[in-house]
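Read the structure below first, then the notes.
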Amino acid sequence: MNTLNETAQKAYDLFSPFIKDYIYRNGWDELRRVQIDAAQEIFFTENNLLLSSETASGKTEAALFPVLSMMERESPENFEVLYISPLKSLINDQFSRMELLLDESGLPVHRWHGDVSQSHKQAFLKNPRGLLQITPESLESMLIRRANDIPRLLGNLKFIIIDEIHALMGSDRGGQILCQIQRISKLIGYSPRRIGLSATVGSPENAAEWLGNGSGRDTSAVLIQTEKISWKLGLEHFYTTDSGEEKEQNAADAFIYKATRGDKCVVFSNSREETEDVTATLRDIAKKRGEEDRFYIHHGNLSASIREEAEEVLKADEKPVTACATVTLELGIDIGKLRRIINQGSPTSVAGFLQRLGRSGRRGNPPEMLMVFREEEALPNAPLFQIIPWELLQGIAIVELYRKERWIEPALNKPFPASLLFHQSLSILAANGSMTPARLAKEVLSLSPFAAIPKEAYREFLLHMVKQNYMEQTEEKELIVGTKGEKLLTSFKFFAVFKDSEDFTVRCGSAEIGTISSTPPVGERFALAGRVWEVEEVDVARRLVYAAKVEGKMKISWPGDSGFIHTRILEKMREVLESSEDYPYLLPAAKERLSKARRLAANTGCCKNSIINLGGNSFVFFPWLGTKAFQTMKRILQRTLASKCALHDIQSGGCYYITFKSDRSVGIDILRALHEMNEKGEPTLASLVGKTECPVFDKYDACLPQDMLINAYAENRLDLKEVRYRITSLSKEL
């Protein structure tokens, strides 16, 4: 590689021969910038490394080339690299790529997750060598059940690679990984270097801080961002109607069907329900037109075989196919050469938009996405807040924030992860067998996710654990796992910190189809995997449903959280609504819908006036705040202003608007009351959550003492600082 500069050449020279052979076999004329910079950091420093560049830019190879080269030179008899991934499908995809890379190296790569057989796991546990790919859940199982064996398995661990860190930061799952890494470090006596990979990092400083938490090492960052954006992007809008007119009902579906014809595509939706519905609809259109069913489906409630089938047909080059998917195909699985992405509605974040867009446009073509917006046409007398096309505005705002500003939302902050505290306390106690309360407190509170947990709060937490029989205290004053704790630990579901449901597994003959949240009685029908099934038999004890495939189309629903939207997106939505700027990617109907919304905004003044009278005693409040701050503002209205300003019937729509009624106050009175409260430093977070509330959101919230649960809700899900800032700006309307 004679095109490398002197510094890059030094890094390249340190690559192992099999790495250089791999580069040669793939016909690479030069290394990419991300690979050169990463090699320099890994070879010539002892720092952790945050590695961020766009999808398909070679991040994985950038990390693995120097890491594997360092492995080969020493080659001890245990695992040197731990590769933690949030998805089994991502591990399977990377496993195939790593096998090709390591084919001639003599270095083994192993994968450990729920779909890997016990015989395979036992084989490489006897000879732990090379690189181990693992999910957080399988790593938790190892730490509980094989704690004493960790030094033998990981005693020479050099690197811990964490993939897709943007999907982990600020979540209990990300906190779990940090806890696991620190627990491993204590067991082996030192802290391995960490490498975090991501295509979308909103705040590199925050991401680097998160990655290095508790490691005792500095964290370097390699951030590669293309200077010029080259996208093929289109946003289109459709009205739907309840009139039953087939033409109106199917306009959006026909548009999607046409957009996927003759090309390899992915149709993304923001929920499993929408994914099921669009898959069934597109299959129905194909059947009515006498065309081949080219549609596949991919989401978390489907069996591994159905998900893998969708992945394999996307990777293959034989024919054009379309996969309908949720976030499960958003992350870094290599799904080959895609022509375009179709997104139903707006993504909830800029990061999500970039992840989905980055699935297409590989092999030298620009990324291509169509966003399709559906809206029920409002009645002539519909209130103002129902006539604004919120989702279309959100889609435009997300595109503009990155196109003009290169802005990506920073990771959510979760300062009081109480559910994770319960999980890790029980996990650490189970791994050790018995511990004094002081030792358990020291072990748990030394983990970086729990830095903000006061010792006194943890003491009260342990007393609650004993009282509720999750733990027991022996005559020697040591803690052991209690009977309720043992019951939790006996289930494999304990290893996961994310909330799960008591799903029923659906089978058709011997084939597993997926899972549903509740089961209909025998003879009833339900939808799953884009098809309709009729229940033949239910085995309640084993939570199995046996069903037969039938013709038709139905809807299915799962419980779930709609996620968080950042305040900057709402602010940008207001800017879009009051602007006169034309956006070149808006298709005709979307352009007309935006124009109509702008005329409405200008006539009603809803961008300049936060509180609008809808007639009589009805009002609408547009706070232009993201999810956490919006919920905080709504609570201020409910718990403080309701009595001061005689507010009642307080309702909200997403995080877009709050409606209420008042027989005594007008908009200016409410704004004045907010301003006066703000000047006095009121309200406090504590005053916004009732003492008898039970705000259960995370997996183990219901197991927590009431005071801790309320504190966790206030700290994690409300944002008073942002609300105070917004109230200050609202004061200009007085």
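The values are calculated or read from the model by the stated rules, or taken from the named source; none is laboratory data. Quick caveat: nothing in here was measured; it's all calculated off a predicted structure. Here Cβ is always computed from backbone atoms with ideal geometry, including for glycine, and neighbour counts include all displayed protein chains. Heavy atoms of the whole protein, side chains included, go into the accessibility calculation; ligands, DNA and RNA do not. Shrake-Rupley method; radii C 1.70, N 1.55, O 1.52, S 1.80 Å.
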Which of (1) open to solvent by less than 60 Å² (accessible area, probe 1.4 Å); (2) outside any strand (DSSP E or B) does THR692 not meet, given it meets every other one?
(1)
Some residue of segment 144-155 being assigned to a strand (DSSP E or B), within 30 Å of ALA199 (Cβ to Cβ) and open to solvent by less than 10 Å² (accessible area, probe 1.4 Å)
no
Within segment 1-21, which residues are of a type outside the set (D, E, K, R), in a helix (DSSP H, G or I) and at pLDDT 85 or above?
PRO17, PHE18, ILE19
Looking for something in contact (Cβ under 8 Å) with a residue 60 or more places away in the chain and either closer than 30 Å to ILE569 by Cβ or more than 25 Å from the chain's Cα centre (by Cα) (or both) - is there at least one such residue anywhere in segment 481-495?
yes
Selection over segment 372-423 where residues are under 19 Å from the mean Cα position of the chain (by Cα) and of a type in the set (Gly, Ala, Ser) yields a count of 3
Does LYS442 meet the test of being closer than 18 Å to LEU420 by Cβ, at pLDDT 95 or above and among the basic types (Lys, Arg)?
yes
Residues of segment 183-201 classified as buried (at least 19 other Cβ atoms within 10 Å of the Cβ) and either part of a strand (DSSP E or B) or not hydrophobic (A, V, I, L, M, F, W, C) (or both), total
10
In this structure, does LYS404 turn out to be farther than 20 Å from ARG574 by Cβ and open to solvent by 30 Å² or more (accessible area, probe 1.4 Å)?
no
Suppose we filter segment 455-479 for residues that are surrounded by 13 or more Cβ atoms within 10 Å (Cβ to Cβ) and in a loop (DSSP other than H, G, I, E, B); how many remain?
4
Considering only segment 695-734, state which residues are over 27 Å from the mean Cα position of the chain (by Cα) and either in a loop (DSSP other than H, G, I, E, B) or closer than 19 Å to PHE450 by Cα (or both).
PRO705, GLN706, ASP707, LEU734
Would you please name the residue that is surrounded by the fewest Cβ atoms within 10 Å (Cβ to Cβ), looking only at residues in segment 115-142 that are part of a helix (DSSP H, G or I) and basic (Lys, Arg)?
LYS126
Out of LYS608, LYS596, which single residue is part of a loop (DSSP other than H, G, I, E, B), open to solvent by 60 Å² or more (accessible area, probe 1.4 Å) and of a type in the set (D, E, K, R)?
LYS608
What helices (runs of 4 or more DSSP H) completely inside segment 336-443 contain at least 2 residues that are of a type outside the set (A, V, I, L, M, F, W, C)?
350-357, 390-405, 418-432
Could you please let me know if TYR583 is among the aromatic types (Phe, Trp, Tyr) and modelled with pLDDT of 95 or more?
yes
Exactly one of GLU409, GLU391 is open to solvent by 20 Å² or more (accessible area, probe 1.4 Å), more than 30 Å from ALA452 (Cα to Cα), out of contact with any Pro (no Cβ under 8 Å at 6 or more places or on another chain) and at pLDDT 90 or above, and that residue is GLU391
Test for ALA642: is it within 16 Å of SER729 (Cα to Cα), open to solvent by less than 30 Å² (accessible area, probe 1.4 Å) and either touching a Phe, Trp or Tyr at 6+ places or on another chain (Cβ under 9 Å) or part of a helix (DSSP H, G or I) (or both):
no
Filter segment 156-182 down to the residues that are under 20 Å from GLY214 (Cβ atoms) and part of a loop (DSSP other than H, G, I, E, B) and list them by number.
LEU157, LYS158, ASP163, LEU168, MET169, GLY170, SER171
